[in-house]
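Encoded as structure tokens, the structure appears first; notes follow it.
The values are calculated or read from the model by the stated rules, or taken from the named source; none is laboratory data. Since the model is a prediction, treat every value here as computed from it, not as a measurement. FYI the Cβ positions are ideal-geometry reconstructions off the backbone, even for glycines, and counts take in every protein chain you see.
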Amino acid sequence: MPIQAFGASDGAIRRTLWGVMALPEPFEPPDQRVEPDKPADQPEQPRARPPDSAATEDKSPDGSQLWSPAAKANETEVKWTGRAVRAAATRQKGHVTHGQLLALGMSRDAIKGAVARGALIRRHRGVYAVGHLSLPPFADEIAAVLAIGGGAIVSHQPAGALWGIHRDWVGDVHITVVERKIPSRKGIVVHCVNTLDPRDTTHRHGIPVTTVARTLIDLAAVLDDRDFEQAFDQALAHKLVTLPRLEAAIARAPNARGIARLRTLIDAERGGVSRSWAERRLLELIREAGLPEPERNVKLGDWTVDMLWREQNLVVEVDGIQFHGTRWRIERDSRKDAYLASQKLNVLRIIPRVVKSRPRVAVARVARWLGPG
């Protein structure tokens, strides 16, 4: 029988719900925190049941019933259970689990009936979307976490997308689990690790996810050079991580794949490659490659550009996070790029670190923009 049918409060329902959820309590948004227990001398009063006129309380957003009232002797109980199910789904970006449905008073037969009618839509084994598939951002990540359960953490490319340091991810959801041997399944790639320090996990948008530092460690093992450097630079530019935090995360996972790549970027960032040196070196590389020589430090409107090829409509700016990492400079660069674009000029930005550590890549980028001849 549904919990609400006994007159339990919303807080009691939430406590029961969280007892069977696969996610930790911080998953609940701040405006829906569990109500504190009342003192012993103030017993909780039963909440009045809703009037029978609330005839739509047992329906999902698309108007279909979550389960048939015939499946329950008391129609009011069905209404209250349906409300609790929708509340759970709201907190979980439109999803509920089989265990949660049972805990909220729905029978196995009722669940099967709701699935058959399309009121519950199966996303993974034991995980359902309630009523429709018009789900909010990152709903796939929540569904994967609920499906794996037991401390599942979003990681790798989806974690990079959650933090905004990697492009929007539309592939399988990557999940990391600790000390569990779980095979991957359709739509979910499972990474099994022996240890994962609690300091390397957190929540973002209500989703359990690896920290930015740990995410960069994981991305170092799966991304190509360009995407990984971009993720690294974005994390530093938006002050989502610092070099000391990255080094601390590496110390906690010294055997993780990709550590060497991440250390290379950290060392280059700490090395403080100067912008002036990088400009001179890039010019040398351009000459050695036999490419057209640019004009240097050219004034265009209110702006000065590092290198300009007028005929090819190309501007090259040698800069990086260590020079343009502040919010003010990022906004300034955006205004500068907008002006150059209005003049029909393409802008190529090259990081000093790339000029030093991968000179062939730097000059190849310039050559590609200049085109043949």
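Numbers at a glance
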| quantity | calculated |
| --- | --- |
| Hey, H191 assigned by TED's automatic domain parsing to the domain that holds A235, buried (at least 19 other Cβ atoms within 10 Å of the Cβ) and either among the small types (G, A, S) or over 14 Å from R123 (Cα atoms) (or both) or not | no |
| Region 79-100, residues that are within 14 Å of G126 (Cα to Cα) and without any contact (Cβ under 8 Å) to a residue 24 or more places away in the chain | none |
| Among the candidates T210, T202, residue that is without any contact (Cβ under 8 Å) to a residue 24 or more places away in the chain, closer than 21 Å to P244 by Cβ and surrounded by 15 or more Cβ atoms within 10 Å (Cβ to Cβ) | T202 |
| Residues being closer than 19 Å to T304 by Cβ and part of a helix (DSSP H, G or I) - total across region 329-365 | 15 |
| Residues that are more than 20 Å from E229 (Cα to Cα) and either surrounded by fewer than 18 Cβ atoms within 10 Å (Cβ to Cβ) or free of Cβ contacts under 8 Å to residues at least 12 places away in the same chain (or both), drawn from region 341-366 | A341, S342, Q343, K344, N346 |
| Members of region 229-242 that are among the charged types (D, E, K, R) and either outside any helix (DSSP H, G or I) or not assigned by TED's automatic domain parsing to the domain that holds S155 (or both) | K239 |
| Within region 243-273, considering residues that are surrounded by 14 or more Cβ atoms within 10 Å (Cβ to Cβ), of a type in the set (G, A, S) and not in a helix (DSSP H, G or I), the one modelled with the lowest pLDDT | G258 |
| Condition check for R226: exposed (fewer than 15 other Cβ atoms within 10 Å of the Cβ) and closer than 30 Å to D319 by Cα | yes |
| Selection status of G160, assigned by TED's automatic domain parsing to the domain that holds V241 and either hydroxyl-bearing (S, T, Y) or under 15 Å from the mean Cα position of the chain (by Cα) (or both) | yes |
| Selection status of L219, assigned by TED's automatic domain parsing to the domain that holds Q157, touching a Phe, Trp or Tyr at 6+ places or on another chain (Cβ under 8 Å), under 28 Å from V355 (Cα atoms) and modelled with pLDDT under 90 | no |
| Pair list, Cβ < 9 Å and 6+ apart or interchain, from region 161-173 residues that are at negative phi to residues that are aromatic (F, W, Y) | A161/F138; A161/W169; L162/F138; L162/W169; I165/F232 |
| Residue match in region 213-236 (condition: among the small types (G, A, S) and more than 28 Å from K93 (Cα to Cα)) | yes |
| Near pairs, Cβ below 9 angstrom, 6+ apart or cross-chain, from region 178-197 (within 16 Å of A159 (Cβ to Cβ) and in contact (Cβ under 8 Å) with a residue 24 or more places away in the chain) to any residue that is among the hydroxyl-bearing types (S, T, Y) and part of a strand (DSSP E or B) | V190/T176; H191/T176; L196/T176; L196/T210 |
